[in-house]
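What follows draws every value from the coordinates through simple rules; no lab data is involved. Note that this is a predicted model, so its numbers are computed, not measured. Note: ideal-geometry Cβ built from the backbone for every residue, glycine included; neighbour counts use all protein chains shown.
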Amino acid sequence: MPTEALNNNCVRTKSGVIVYHDSSLGTVCFSPFTGLIFGLHSSLERQVFQWLNHDIASIENEICRNSLGPGWATPYEAAFYPSPQLLPNAESWGNLNAPGRPLLVNWFITGRCPLACVYCYAEDLMRNEQDEPSANRVGEIGQQILKFQPAVVVITGGDPVFTPRLEDALRVLHGKTGIIVDTSGYTLRDDQIAMFKQFGATVRVSLDSHIPRIHEAQRPLYDKYPGFQRRGSTQAAALDALCRCIGAGVTVCVQTVATKKNSNDLIRLGDVLFQLRVRNWRIFKVAPSKARLDGYRRLVGSHSDDGRAYSGKRSRGPYAHAFERLLQAKSQSWGSQMAVQVIHNETPNSVILVSPDGKFMTESNVGAGKVLIDKKYPFSPELAQIRTSIDMSAHANRYLNIAYGTGATT
């Protein structure tokens, strides 16, 4: 299919890889077999699209083949995930233009969650069950999201496996965009895993440490729901969810929130994930939370647990040193076979978030909290207003794994 036929369309190729051509950024590919988004240079887009759509048997470019082929054309053992995720390499792109429309939309479908994470960035949307969408409303919200033709929609929350509307959301998105489902894994059932496989969804499991007490200190159980029963360790549940998804052939990735409590253990966690055959790992710097700002200051490491501020170099917290060591470990131990993405959250208005009642929002760039993207049309924003409210360059940097804030790419 010619590139011009892709304009303003999100195409699911016969391989399963999602492709669209953004008039500003260029061609973008999402692989449901790895859960990764790639930018594709214009010199390769026609040939690669033909290959992805089974019009030609193979392509000569090894980097493209081993980045977009794992899971359907090449074995995962041959995978190569460049950093940044620009194909064939960042040097061939020169300056990266900001995309004209969203690469990814986060659909915060529910505020229900079995956990009470100490750094939860979405406490203003949590536990508010009167905003939970009906089955019809899920369809309407899904269509509003698809209007922008994102390469990927992340169904998040809360915990989406905790809502009865998850299958409705998967059905409205299936075949029209890439799908990622966020979960703690605590209440994940086998029938839900089978459903993810049916709809080709990537499952992103939250796991902060291979050490149970550290993970559970950051992601403790929320036990205030009537009739809710404890099912054991939240860390054990996350690992069990990962293993069950991998065993069922469902694509997985892991997201970790880095704090001073777990930053020194990230390399060991990476080793565990690599041995489990996880090939996509996102590490977030904890984001400020308006309701829990004192706790945030302690978690980032600029303050001790008793609230005293560190002085000198330690005032930066653990991130600079810990992330440098993490990138060295990637190079020395995991190489190009595991994508490691370090997200710094230093440009808050780079994320598009759709609330349970269907409002399009983003993180405020002037203070902790969320703001409407389009006050005039909160449920159906204009694309021009999205471009105004969202830092689209930072949006691309975030999802194409172009690290900022450390001076290094992952």
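Straight Cα distances below 24 angstrom link residue 330 to the lysines 260, 261, 285, with same-chain residues fewer than 8 positions distant left out. Summing Cβ point charges (Lys, Arg +1; Asp, Glu -1) relative to the Cα centre of the chain gives a dipole of roughly 760 debye.
Note: relative contact order over the chain, using C-alpha pairs below 8 Å and six or more positions apart, is 17 percent. The residues packed around residue 61, meaning those with a beta-carbon under 14 Å from its beta-carbon, carry a net charge of -1 if Lys and Arg are +1 and Asp and Glu are -1.
Using R0 = 60 Å, the C-beta based FRET efficiency linking residue 224 and residue 76 works out to 0.90. By the rule of a C-alpha distance below 26 Å, with chain neighbours fewer than 8 residues away ignored, the lysines paired with residue 147 are 14, 176, 197, 359, 370, 375, 376. Close amide H contacts of residue 253 (hydrogens built in the peptide plane, cut-off under 5 Å, sequence separation of 5 or more or a different chain): 203, 204, 205. On the basis of the beta-carbon distance and an R0 of 22 Å, residue 134 and residue 377 show a calculated FRET efficiency of 0.55. The calculated Kirkwood hydrodynamic radius for the stretch 138-232 is 14.7 Å, given to one decimal from all distinct C-alpha pairs. Ranked by how many other Cβ atoms sit within 10 Å of their own Cβ, fewest first, the residues 386, 246 fall in the order 246, 386.
Positive end of the dipole of the chain (Cβ unit charges, origin at the Cα centre): among 329, 148, 166, the Cα lying farthest that way belongs to 329.
For the stretch 59-101, the C-alpha radius of gyration sits at 1.32 times the compact-globule guess of 2.2 N^0.38 Å, with N the residue count.
Of the residues 199, 49, the one with the fewest other Cβ atoms within 10 Å heads the list, and the complete ranking is 199, 49.
From the Kirkwood radius over Cα pairs of the chain, Stokes-Einstein at 20 °C and 1.002 mPa s returns a whole-number translational diffusion coefficient of 99 µm²/s. Per-residue extension of 0.36 nm, minus the Cα-Cα distance of residue 236 and residue 62, leaves a gain of 58.8 nm for this segment. Put in order of Cβ neighbour count within 10 Å, fewest first, the listed residues 379, 38, 30 become 379, 38, 30.
Dipole size of the stretch 109-171 about its Cα centre, with +1 on Lys/Arg Cβ and -1 on Asp/Glu Cβ: approximately 180 debye, rounded to the nearest 20.
Each residue of the stretch 3-92 gets 88 Å³ once the volume of the Cα convex hull is shared out per residue. Considering only the other residues whose Cβ falls under 14 Å of the Cβ of residue 401, what net charge follows from Lys and Arg at +1 and Asp and Glu at -1? Net of charged neighbours comes to +4. Charge dipole (Cα centre; +1 on Lys/Arg Cβ, -1 on Asp/Glu Cβ; no other charges) of the stretch 3-92 amounts to roughly 240 debye. Ordering 90, 350, 126 by the projection of their Cα atoms onto the charge dipole of the chain, which places +1 on the Cβ of Lys and Arg and -1 on the Cβ of Asp and Glu, puts 126 at the extreme positive end. Only one residue of 70, 58, 16 has its Cα farthest out toward the positive end of the dipole of the stretch 3-92, where Lys and Arg carry +1 and Asp and Glu -1 on Cβ, and that residue is 16. Relative protection proxy for 137-145, 220-228, 65-73, from highest mean packing down: 65-73, 137-145, 220-228 (other beta-carbon atoms within 10 angstrom).
Mind giving me the FRET efficiency for residue 147 and residue 194? R0 is 25 Å, r the Cβ-Cβ distance, nearest 0.05 is fine. The value I calculate is 0.25.
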